[in-house]
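Only one structure is covered here, and it is reproduced in the block below.
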Amino acid sequence: MLHLLLRRIAASIVTLTLISVVAFFLIELPPGDFVDSYVSKKTQGGDIITQEEISEMRSRLGLDRPVYVRYFKWVGNLVRGDFGFSWEYRRPVSDVLAERLPLTFILAFTTLIFTYMIAVPMGIFSAVRQYSLGDHAITILGYVGLALPQFVFALILMYLGHLWFGASVGGLFSPEFEDAPWSVAKGLDMLAHIWIPVIVLGTAGTAFQLRTMRAVLLDELNKMYVIAARASGLSEFRLLMKYPVRMALNPIIATLGWELSHIISGAPIVGLVLSLPDTGPLFINSLLNQDMYLAGTMILIYCALVVIGTFLSDILLMIMDPRIRIGGVS
Amino acid sequence: MNVKPILSLKELSVSLKIDDNYVSVTEDVNLDIHPGRVMALVGESGCGKSVTASALLRLLPKELVIVNGEILFDAQNSGTPIDIASLSPKGREIRNIRGNEIAMIFQEPMSSFSPLHTIGNQIEEVIRLHKNSSTNDARSIVVGLLKKVGIGNPEKAVDRYPHTFSGGMRQRAMIARALSCDPALLIADEPTTALDVTIQAQILNVMKEMQSEYGTAILFITHNLGVVAQMAHDVAIMYMGRIIERGSVTEIMKNPQHPYTINLLRAVPRLGDLEAQKRLEPIKGSVPSLFERPDGCAFSPRCEKSMTGQCDRQIPPQRQLSETHFVSCFWNSQKPTEDYVS
């Protein structure tokens with residue numbers, strides 16, 4: 001068990017290292033750099049910038065040095081907890097992120113909880129009442145949820161939210177709370193707004209997990225151990241929850257990290273459409289402006305979330321399934 | 001036999017329901033199981049033995065329905081049996097019988113336990129469900145049971161998970177689970193079929209020991225006539241959903257009356273056959289599908305003794321040959337046949 005845990009931790013570190021390389025070169029990939037996009041913005045505004053100024057700026061930002069030197073400098077600083085400087089915002093990356101990252105985390109984990117809270121019970125219902133009216137209804141809803149693009153869904157929900165509740169849709173807070181310090185009232189206000197992005201981000205995942213739950217549970221329901229337990233007199237509900245549902249949860253838990261990555265990769269677009277004060281819009285802007293330390297840090301954080309999610313699902317699986325915990329026949 | 005049977009099947013018929021059509025799977029099954037005796041239900045694959053067994057505990061999948069007949073169960077020999085066929089398959093009454101008064105062992109020991117729970121947990125659960133015993137009591141009962149069925153180091157084994165058990169050990173644990181509430185009847189659905197031969201012998205021994213210790217009646221479902229000779233007191237032979245002959249094990253083995261029984265016994269290899277250069281005699285043809293049930297006696301198309309105009313028109317009525325020996329066949333062999341015991 002401990003051995004397995006250590007191996008997983010080591011694997012996570014290796015994965016993160018590789019991701020840092022990929023993240024860095026990904027940002028390097030588009031033609032031009034921050035100076036180019038800065039200069040083109042300035043000249044469009046009518047400013048005149050000389051060639052000397054440009055190369056002076058490049059060397060000041062360290063952009064004239066070779067790629068690998070910049071990479072190692074970046075990683076070296078990262079390890080010391082320094083995420084670099086956002087040229088666009090003219091502030092350290094950590095400052096820029098500090099305001100917005102907590103909201104991203106809250107959004108991602110609320111969505112994750114929403115996904116499982118809806119998908120697991122509905123999947124169980126769907127499997128136990130296979131081909132019933134309820135099952136068909138859930139199936140249709142699920143497919144619509146899978147098929148609908150998130151930005152369209154976000155717009156529809158915003159429209160409906162405005163129509164029905166007259167709420168200030170978009171964003172996570174009502175205007176009066178936007179800059180207010182955290183309080184109970186602000187938290188409640190957030191809960192009143194967060195359901196739109198949560199539903200938008202979570203629906204596709206919910207539909208997917210629901211189908212998984214249904215399919216796996218249908219398989220398990222006819223297994224011998226279920227019939228054997230029924231033959232020893234257990235009531236249907238206790239039997240269902242103790243045996244086949246537990247088994248069917250395994251693939252659901254195993255895809256936790258994957259589910260998280262779905263939510264996170266959907267988040268920027270949804271954040272932009274709903275103008276959320278989280279990291280979504282920030283991320284897209286940083287890519288457009290080639291604000292590379294900000295963009296790189298965010299790619300790294302997003303990936304780290306997925307790696308952590310996978311790690312958590314591994315641990316959960318170990319807790320849930322003795323076959324993984326104890327290994328083969330002893 | 002003067003003792004009242006604890007379980008008595010009266011014309012039990014189970015059908016496969018496909019949309020609104022019913023296809024017969026078993027027809028008019030009559031069977032009595034007496035306290036403390038082992039009844040073997042023998043037949044080829046698909047003849048309806050397992051369906052009959054599942055019907056007894058109302059464990060049939062929803063497409064298989066009991067269309068007729070009674071399952072009279074009288075655990076206490078009170079003279080007022082319960083008709084299991086009339087109970088709701090999900091109700092409290094049948095759940096109180098399952099695992100408590102009638103227990104079942106299945107063919108697949110590898111998959112009969114949930115891999116996510118310890119062996120002990122899954123046996124304790126049955127005890128706690130039916131006998132108001134505390135967790136500690138249940139646990140010590142389980143340890144005792146595991147010891148009885150021959151699992152080494154039972155104090156450790158209770159906390160082990162099924163995947164660390166071999167097939168034979170799991171079947172032993174299954175037996176322990178089935179006997180945990182001291183049932184009046186044990187249904188064993190091909191309990192040794194999935195095991196290799198040496199393990200089969202061990203499991204049969206365990207079952208025999210347990211049977212003599214607890215005095216449990218057993219309905220033993222098998223296609224293995226060697227096992228029948230070893231285990232059973234009474235035998236019922238099934239063909240295409242009907243019991244075509246039943247009697248005590250000696251009557252069936254020494255004096256089989258139905259051509260199908262005779263053929264089955266001839267198809268069993270025996271020591272000495274090789275030296276004598278005797279070939280095994282297979283039964284001609286194969287079992288028709290459920291959807292092509294022949295008219296009259298279902299065995300008639302494959303039967304050497306079949307009489308055209310009679311066997312292929314009418315279902316033969318049951319004839320009584322002795323107090324316990326019944327056969328459903330028009331052909332009447334008065335002469336004693338050769339000795340078929342292996």
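Couple of notes before you dig in:
- Environment charge at A:A248 (Cβ cut-off 13 Å; Lys +1, Arg +1, Asp -1, Glu -1): +2
- For the range A:101-296, the pair-distance distribution built from all alpha carbon pairs, in bins 10 Å wide starting at 0, is 9, 29, 29, 19, 10, 3, 0 percent.
- 12 Å beta-carbon shell around B:H163, net charge (K/R +1, D/E -1): +3
- Fully extended contour minus Cα-Cα distance, from A:L316 to A:E53, at 0.36 nm per residue: 89.1 nm
- Cross-link reach list, aspartates and glutamates versus B:K4, counting only Cα pairs under 18 Å and skipping chain neighbours closer than eight places: B:D32, B:E70, B:D74, B:D83, B:E101, B:D234, B:E323
- Residue among A:A231, A:A254, A:A207 with the largest mean-square fluctuation in a Gaussian network model of chain A, springs linking Cα atoms under 10 Å: A:A231
- Chain B: antiparallel DSSP beta bridges as a percent of all, rounded to 5: 60 percent
- Debye equation applied to the C-alpha atoms of the protein assembly as shown, log10 I(q)/I(0) at 0.07, 0.12 Å⁻¹: -0.67, -1.24
- Within the protein assembly as shown, antiparallel bridges make up roughly 65 percent of the DSSP beta bridges whose residues both belong there.
- For the protein assembly as shown, size of Cβ-based charge dipole, Lys and Arg +1, Asp and Glu -1, in debye: 1260 debye
- Of B:G309, B:G99, B:G152, the one that fluctuates the most in a GNM where chain B has Cα springs shorter than 10 Å: B:G309
- Beta bridge orientation in the range B:132-247: antiparallel %, DSSP, nearest 5: 50 percent
- By the equivalent-ellipsoid construction on the alpha carbon gyration tensor, the range A:227-330 comes out with semi-axes of 42, 17, 7 Å, ordered largest to smallest.
- Evaluated on the range B:29-178, the Kirkwood hydrodynamic radius is 17.1 Å, with distances taken between all distinct Cα atoms.
- The residues of the range B:114-139 listed by number as losing at least 30 Å² of accessible area in the complex, against the isolated chain and with a 1.4 Å probe, are B:S114, B:P115, B:L116, B:H117, B:E125, B:L129.
- Around B:G152: net Lys/Arg minus Asp/Glu count, Cβ-Cβ under 15 Å: +4
- Estimated [θ] at 222 nm from DSSP helical runs (n ≥ 4, -39500 (n - 2.57)) normalised by residues in the protein assembly as shown, nearest 500: -17000 deg cm²/dmol
- Over all pairs of different C-alpha atoms in chain B, the reciprocal of the mean inverse distance, the Kirkwood hydrodynamic radius, equals 21.2 Å.
- Among complete DSSP H helices in chain A, those whose alpha-carbon atoms stretch at least 30 Å along the helix's long axis and whose mean Kyte-Doolittle hydropathy reaches 0.5 are A:2-28, A:93-128, A:184-221, A:292-320.
- The relative contact order of the range B:77-231, computed from alpha carbon pairs under 8 Å that lie at least 6 residues apart in sequence, is 28 percent.
- Contact order relative to length of the range B:33-83, as percent, for alpha carbon pairs under 8 angstrom and 6 or more apart: 18 percent
- Shown for the protein assembly as shown: the carbon plus sulfur share of the solvent-accessible area, taken with all protein chains present and a 1.4 angstrom probe, equals 59%.
- Note on B:K62: lysines with a C-alpha under 29 Å away, same-chain residues under 8 apart excluded, are A:K223, A:K242, B:K10, B:K17, B:K49, B:K90.
- Separation of alpha-carbon centers, the range B:1-48 and the range A:252-330, rounded to whole Å: 58 Å
- log₁₀ of I(q)/I(0) at q = 0.13, 0.17 Å⁻¹ - the range B:45-95, Debye sum with one point per alpha carbon: -0.33, -0.55
- Size descriptor, Kirkwood hydrodynamic radius, that averages inverse alpha-carbon separations across the range B:9-62, Å: 12.3 Å
- Computed with the Debye formula from one identical point scatterer per Cα of the range A:1-131, without solvent, the log10 of I(q)/I(0) at q = 0.17, 0.19, 0.20 Å⁻¹ comes to -1.13, -1.25, -1.29.
- Residue-normalised accessible area of chain B, given per residue in Å² at a 1.4 Å probe: 45 Å²
- Restricting attention to the range B:205-342, the count of lysine pairs at 8 or more positions apart or across chains with alpha carbons under 28 Å apart stands at 10.
- Computed over the alpha-carbon pairs of the range B:146-232, the distance histogram in 10 Å steps reads 16, 52, 28, 3 percent, short to long.
- For chain B: relative contact order, % (alpha-carbon pairs under 8 angstrom, 6 or more apart): 19 percent
- Normalised convex hull volume, the range A:80-133, alpha-carbon set, Å³ per residue: 126 Å³
- On the principal axes of its alpha carbon atoms, chain A extends 86, 59, 37 Å, with the longest extent given first.
The values are calculated or read from the model by the stated rules, or taken from the named source; none is laboratory data. Being a predicted model, the structure only gives us computed values, none of them experimental. A quick note on method: Cβ atoms are made from the backbone with ideal geometry, for glycine too, and the neighbour counts reach across all protein chains shown. Only protein heavy atoms, including side chains, enter the accessible area calculation; ligands, DNA and RNA are left aside. Shrake-Rupley method; radii C 1.70, N 1.55, O 1.52, S 1.80 Å.
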